Amino acid sequence: MQTFAFSRANDVQQAIQAGAHASTAQQGSEVRYVAGGTTLIDLMKLEVERPNHVIDINHLPLNQVETTSDGRLKIGALVRNADLATLPEVQRNYSVLSQALLAGASGQLRNMATTGGNLLQRTRCVYFRDTHSPCNKREPGSGCPAIDGYNRNLAILGVSEHCIATNPSDMNVALTALEATIVIHGSKGERQVPINDFFLLPGDTPQRETVMEPGDLITHVLLPKPHQGARSRYLKLRDRASYEFALASAAVLVTLEGENISTARVAMGGIATRPWRSHEAEQVLTGQTPSQALFDKAAHALLADAKPQHGNAFKQELARRCLVQALTEVTA
Amino acid sequence: MPQHPDDSPEHASRRSFLQMIGITGMASGVRWSSAQAGAAHDQAHQHAARLDDTHTHVRIVVNGKPHELNVDNRTSLLDALRNELHLTGTKKGCDHGQCGACTVHVNGRRINACLSLAAMHDGDEVTTIEGLGQPGSLHPMQQAFVDHDGYQCGYCTPGQIMSAVAVLHEKWGDSDADLREAMSGNICRCGAYQNILAALKQVRRG
């Protein structure tokens, strides 16, 4: 690991000012905020991340969860994944988020990992994590060995000729289905970004994963007022039953009116370069009576533009089954 | 061939840099407990802190005993416990948060000590396997692991026990599946899982 200066931020403005000295907030940033450390320190050991200044933000007052006057849930960026998952309000009103958090990592890691840090979790692509390999995300222009190489765990949706790396987070999939808003404080003040605009497709700049700019600090995540009567399910499929990243996962929220689905939100993980919201699948489901045939049709709509590689073509069928099963359980 | 006359400004600055590193190296090599932390040490530390932003002064309580360390910023909590404080009960397995061998409690919660910087723990209270119990006065979980043969090679055992003790205070169901899930962050390559589960259940029953 390279040497770096270490400092502790005592307030948000101090953190922003220090962070603003970086040339980028994306891959290769010279300044990194550390909260849980579960992604950053791992990648610093691998020398994938080589900041010269690490700012400890653990003592900022961002570890509260509160309900706003208009009924939204405001989650501090430093709230630990374990605490958020077991919070009664979250289990009662945003069950899909609790399920997704508990499906991720381990008890130890969930005690460390934070809401803001999980949003910025990095891909598990083996070429990204190996500095001896080319990687367009790590070294723009160096090439993507994953496309013709080991890509079993990589994406079939949202890919480009430059990058097929998967967003590995479970939490992000649930937050996408819940239509969360990311609150960011930066050099120009506060802004609120809908989660669907927060994550960028790789295109020809896979090193840019989010809208974060130098000095930007995620301070909160806002969840909309809970949808009365909505049922939700997070289903995660993986190589072992626990403590493993998703090969395919689905976060679904469904409201039934009589026999029919009145509203549906569908997001998938493990198969795309960013948490994958599917308005196409939602349109198929809305207003219809639940059935296996309907769920199949929704899955086909979601996967219509899939671009599988030789090692991950199985994900088309796995993702279809994952979504059908999640919808079956949530409408049962 | 480029010339580097001894009196060139570049050479002088390089020499001062090496001197600075020498001073820092000495200061960072000093390990002291609170009782030993005398004025000379404080002075050395202040000198190092002025010259060097690669080290951080940390006050940390480990197993009830306060310590002051001047750690290289790169030092993980795991390496600080093992190499600085010589508490080698906590094991280094994967060093990347994938095996759980390094599990310790920080302020009462279990974490992977390998993925946390020691510099992040100023003011924290850490418990390691050494602080849980000792021969002759074992923690009930340590005794349960002995009773049920909850190990073979023993390398993952300190982490398994630290996790199992934390699980007693976390929100988990009572089924075997719930407890296996609770313990999934601790890998045992010998495969002693059945006996580890039996040990955990014995202590949970009380």
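The values are calculated or read from the model by the stated rules, or taken from the named source; none is laboratory data. The model shown is predicted, which means the values in this text are computed figures rather than measured ones. All Cβ positions, even for glycine, are placed from backbone atoms using ideal geometry, and neighbour counts span all protein chains on display.
Annotations for the structure displayed:
- A:ALA85 vs. criteria closer than 23 Å to B:ARG74 by Cα and within 13 Å of another protein chain (Cβ to nearest Cβ): no
- Residues located in the stretch B:85-107, provided they are surrounded by fewer than 20 Cβ atoms within 10 Å (Cβ to Cβ) and out of contact with any helix residue (DSSP H, G or I) (no Cβ under 8 Å at 6 or more places or on another chain): B:HIS86, B:GLN98, B:ASN107
- The set of residues in the stretch B:129-183 that are within 29 Å of B:PRO66 (Cβ to Cβ), more than 14 Å from chain A (Cβ to nearest Cβ) and β-branched (Val, Ile, Thr) comprises B:ILE129, B:THR157.
- When A:ALA100, A:ALA105 are checked against the criterion of being closer than 26 Å to A:GLN26 by Cβ, in contact (Cβ under 8 Å) with a residue 24 or more places away in the chain, within 13 Å of another protein chain (Cβ to nearest Cβ) and among the small types (Gly, Ala, Ser), A:ALA105 stands alone in meeting it.
- On the stretch given as the stretch A:283-317, residues that are assigned to a helix (DSSP H, G or I) and crowded, with 20+ Cβ neighbours inside 10 Å total 7.
- Residue match in the stretch A:172-192 (condition: polar (S, T, N, Q), modelled with pLDDT of 95 or more, in a strand (DSSP E or B) and surrounded by fewer than 18 Cβ atoms within 10 Å (Cβ to Cβ)): yes
- The set of residues in the stretch B:129-149 that are within 24 Å of B:HIS96 (Cα to Cα) and buried (at least 24 other Cβ atoms within 10 Å of the Cβ) contains only B:ILE129.
- Qualifying residue in the stretch A:38-57 (condition: more than 14 Å from chain B (Cβ to nearest Cβ) and not in a helix (DSSP H, G or I)): no
- Matching residues, the stretch B:106-122, being touching a Leu at 6+ places or on another chain (Cβ under 9 Å) and more than 7 Å from every other protein chain (Cβ to nearest Cβ): B:VAL106, B:ALA113, B:CYS114, B:ALA118, B:HIS121
- Per-region count, the stretch B:152-197, residues buried (at least 17 other Cβ atoms within 10 Å of the Cβ) and assigned to a helix (DSSP H, G or I): 17
- When residues in the stretch A:69-79 are screened for being within 14 Å of another protein chain (Cβ to nearest Cβ) and touching a helix residue (DSSP H, G or I) at 6+ places or on another chain (Cβ under 6 Å), 1 of them pass.
- Tally, over the stretch B:92-148, of residues that are without any contact (Cβ under 8 Å) to a residue 60 or more places away in the chain, of a type outside the set (Lys, Arg) and within 16 Å of A:THR38 (Cβ to Cβ): 14
- Of everything in the stretch A:211-263 that is among the small types (Gly, Ala, Ser) and within 14 Å of chain B (Cβ to nearest Cβ), the residue that is surrounded by the fewest Cβ atoms within 10 Å (Cβ to Cβ) is A:ALA241.
- Top-ranked residue of the stretch A:118-127 - restricted to ones that are in contact (Cβ under 8 Å) with a residue 40 or more places away in the chain and buried (at least 24 other Cβ atoms within 10 Å of the Cβ), ranked as nearest to the chain's Cα centre (by Cα): A:ASN118
- The C-beta contact set for the stretch A:162-183 (first residue free of Cβ contacts under 8 Å to residues at least 60 places away in the same chain, second residue part of a helix (DSSP H, G or I), distance under 6 angstrom, 6+ apart or interchain) comprises A:ALA180/A:ILE195.
- Qualifying residue in the stretch A:129-141 (condition: away from chain B (no Cβ under 13 Å), in a loop (DSSP other than H, G, I, E, B), in contact with a Phe, Trp or Tyr (Cβ under 9 Å, 6 or more places away or on another chain) and among the charged types (D, E, K, R)): yes
Table: residues versus (1) free of Cβ contacts under 8 Å to residues at least 40 places away in the same chain; (2) within 23 Å of A:ARG274 (Cβ to Cβ).
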site: A:THR39; (1), (2): no, yes
site: A:GLU47; (1), (2): no, no
site: A:ILE57; (1), (2): no, no
site: A:ASN63; (1), (2): yes, no
site: A:THR67; (1), (2): yes, no
site: A:LEU87; (1), (2): yes, no
site: A:TYR94; (1), (2): no, yes
site: A:LEU109; (1), (2): no, yes
site: A:ALA113; (1), (2): no, yes
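- Within the stretch A:193-216, tally of residues that are of a type outside the set (Ser, Thr, Tyr) and not in a loop (DSSP other than H, G, I, E, B): 7
- Test result for B:HIS45, more than 14 Å from chain A (Cβ to nearest Cβ), at pLDDT below 95 and surrounded by fewer than 21 Cβ atoms within 10 Å (Cβ to Cβ): yes
- Residues satisfying the stated conditions in the stretch B:116-134, i.e. outside any loop (DSSP other than H, G, I, E, B) and charged (D, E, K, R): B:GLU125, B:GLU130
- The residues in the stretch A:3-19 that are at the interface with chain B (Cβ under 8 Å from one of its Cβ atoms) and not hydrophobic (A, V, I, L, M, F, W, C) can be counted, and the count is 2.
- Scanning the stretch A:214-258 for residues that are among the acidic types (Asp, Glu) and closer than 29 Å to A:GLU190 by Cβ returns a single hit, A:ASP216.
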